[in-house]
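Values in this text are rule-based calculations from the coordinates and carry no lab data. Every value quoted in this text rests on a predicted model; they were computed, and no experiment measured them. Neighbour counts are summed over all protein chains in view; Cβ atoms, including those assigned to glycine, are modelled from backbone coordinates with ideal geometry.
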Amino acid sequence: MNPSEPDCVYCGSTDDPTRDHVPPRAVFPKPRPTNLVTVPACRACNSSAAADDEYFAAVLRLAARAPVPDPAPPLPLGFGRALGPGVDLPRVHRVVARVVRGLYFRETGRRFPRTEPLDVHCNASLVGCPPGLLAHLRAEILGPLLTWPAKRVGDRVFEYRSWHSPDRPFGSAWQLTFFAAVPFVVLTGPGGDSQQAD
């Protein structure tokens, strides 16, 4: 990479530089907004994610457009929609994790190391979670995050909020919503499952 361009935010490589969209450009309908977020990425990391990006965009659109049953079942996060049955959640979560890695770089100017834990949660993945853990997630992490102003990309396509630990390196909490309907919560760094966003 040239000296003015940082290393790949995913692997640290300096070879074959490109820019990666976070969230993936495929999520945004045309005409695309002018404030899409890009981060430095090597061509290998960028191109290896293309199929997952297309799958992710299709899954989100289906979830956002699906009719809401009446009465709607309770959702683990307490709002939004769940991804439909048959969705490859590990694949979806892999894209969300990459988005957070990119946004982490945008927010902090630092690369989030691959060795640090990063836990992605959504309504579909939290079904069957113990009620006490869900209550903690809602009250101690999600609740405070939702009180902060959201950063938005596109008209009701993507928004996010983040909190960064002042005393735990790489500790952060993220709330992402796609199409004003499909939410994710991501916890990073040591102690991610118990960190508080206050």
#### Entry: Gain upon complete extension [L75, L133; 0.36 nm per residue less C-alpha separation]
19.5 nm
### Farthest positive-ward along the chain dipole, Cα basis, beta-carbon charges - from L134, G154, G84
G154
## Note on the structure
Answer in debye to the nearest 20: the dipole magnitude of the range 17-188 about its Cα centre, from +1 Lys/Arg and -1 Asp/Glu charges placed on Cβ, is 540
### Task
For D16 and R156, calculate 0.36 nm times their separation in residues minus their Cα-Cα distance, and state this gained length in nm to one decimal.
47.0 nm
### Query
With the dipole of the range 17-188 worked out from charges on the C-beta (+1 for Lys and Arg, -1 for Asp and Glu) around the Cα centre, which of Y104, W163, A124 lies farthest toward the positive end?
Y104
### Message
Over the Cα atoms of the range 88-198, what radius of gyration and what Dmax do you get, in Å?
### Response
13.2, 37
### Query
So what's Rg/Rh here for the range 31-71, counting alpha carbon atoms and using the Kirkwood radius for Rh?
1.15
### Message
As an exercise, find the ratio Rg/Rh for the chain from alpha-carbon atoms, using the Kirkwood inverse-distance average for Rh.
### Response
0.96
